[in-house]
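The values are calculated or read from the model by the stated rules, or taken from the named source; none is laboratory data. Values in this document were obtained by computation on a predicted structure and should not be read as measured data. Every residue, glycine as well, gets a Cβ built from its backbone with ideal geometry; the counts of neighbours run over all protein chains shown. Just the protein is used for accessible areas: all its heavy atoms, side chains included, with ligands, DNA and RNA removed. Shrake-Rupley method; radii C 1.70, N 1.55, O 1.52, S 1.80 Å.
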Amino acid sequence: MSEQLRHKTVAVAVIYDPNHGFLLWNNPRWGGYAFPMRHLEPGDRPEQAALGAVAERDFPLSLPNAAARPLECLGAFGYSEGVRVDTYYDYHVIEVDPGQTLDPAALHPDVRFFTYDRLQAASIVTWSTRVIATSLVESQEVVVAVIWRRTAAGLEFLLVDKPGHGYFFPSIRRKTHGPLEAMADQAVRFDTAYVGTVVAEYEGDDVDVHDSTRFNARQRRYRYYVCAIQLPGVDLQQAGNPLAETLNDFEAAQQARGRTFGTRGYADWFAVAEMKQSPEMSTQVASVLPIAIAAIEKGG
């Protein structure tokens, strides 16, 4: 009878400087340079655990003003150097702002910046750190919320202006291992400020490879998880409906803070033909649109 696979949930602190790369430290227990990490117990908040990892007594750097926010989640199977057992790791990757300028020349010898390419090539970097860095730099998972309506002109989708990218569906980077539908709900809240009931249903996913400026410019692999959205009790074709009113207020609030938008404002309804042709579209619309259309046609 085989033994049960060991499973560890871990918070990972990622400090990144565009000019120097990822900050790693020479962890004597793991025999190489690694991201600061801490095991998560039930009820622990990953952000606090990540901050705790950079405040450990053995970590040779003091960051009293550091702040943290969720960045990514991933799973990986590997060999634990600490207990010498094959283990499945559930990594909660947390972006840590050090709260101060870090001068590479002034750092402790056991704390060093590694560019992504150097990190991948260095034998002194742990396998888990290379796996996590690869996920951050070369791939990204995005949950997409598809809101639609039927008009005399045909099928239309609600898109919002994503800064620097053009018009795209409400969406959010997948940062946890939670249900996709719950994250689609969050995408609607974040990108439209809507507070009413949201019903999301996962419909499928697709992969696209395109340029990204995150962690320096390079080609990245994106996986889009598409969820169809219903807003019970809301007639999206009716002028002044709750979503329309919320979007008007949301746009006005952003304009008051000095933000500018594309020619269609912050959010608008777009017909399929325009989504395929308009230069104002995000280049990623083409990856999501077929799944969105198939989901709507399947549901009638």
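Scanning the range 1-23 for residues that are part of a strand (DSSP E or B) and open to solvent by 70 Å² or more (accessible area, probe 1.4 Å) yields one hit, HIS7. Counting the residues of the range 118-149 that are charged (D, E, K, R), within 22 Å of the chain's Cα centre (by Cα) and more than 30 Å from ILE296 (Cβ to Cβ) gives 2.
Considering PHE261, PHE270, the condition of being in contact with a Lys or Arg (Cβ under 9 Å, 6 or more places away or on another chain) and farther than 21 Å from ALA182 by Cβ is satisfied by PHE270 alone.
In the range 143-182, the qualifying residues are those that are more than 22 Å from TYR222 (Cα to Cα) and not basic (Lys, Arg), and the one that is surrounded by the fewest Cβ atoms within 10 Å (Cβ to Cβ) is ALA152.
Looking at the range 137-211, the strands (runs of 3 or more DSSP E) lying wholly inside it that each contain 3 or more residues that are at pLDDT below 85 sit at 139-146.
Residue count for the range 183-211 satisfying the condition of being surrounded by fewer than 13 Cβ atoms within 10 Å (Cβ to Cβ) and either out of contact with any Leu (no Cβ under 8 Å at 6 or more places or on another chain) or aromatic (Phe, Trp, Tyr) (or both): 5.
Which residue, of ALA267, ALA273, ALA295, is at pLDDT 90 or above, open to solvent by less than 50 Å² (accessible area, probe 1.4 Å) and among the small types (Gly, Ala, Ser)?
That would be ALA267, the only listed residue that is at pLDDT 90 or above, open to solvent by less than 50 Å² (accessible area, probe 1.4 Å) and among the small types (Gly, Ala, Ser).
When the range 261-300 is limited to residues that are of a type in the set (S, T, N, Q) and in contact with a strand residue (DSSP E or B) (Cβ under 9 Å, 6 or more places away or on another chain), the one that is nearest to TYR202 (Cα to Cα) turns out to be SER287. Based on what the data block shows, is THR246 modelled with pLDDT under 90 and β-branched (Val, Ile, Thr)? The answer is no for THR246.
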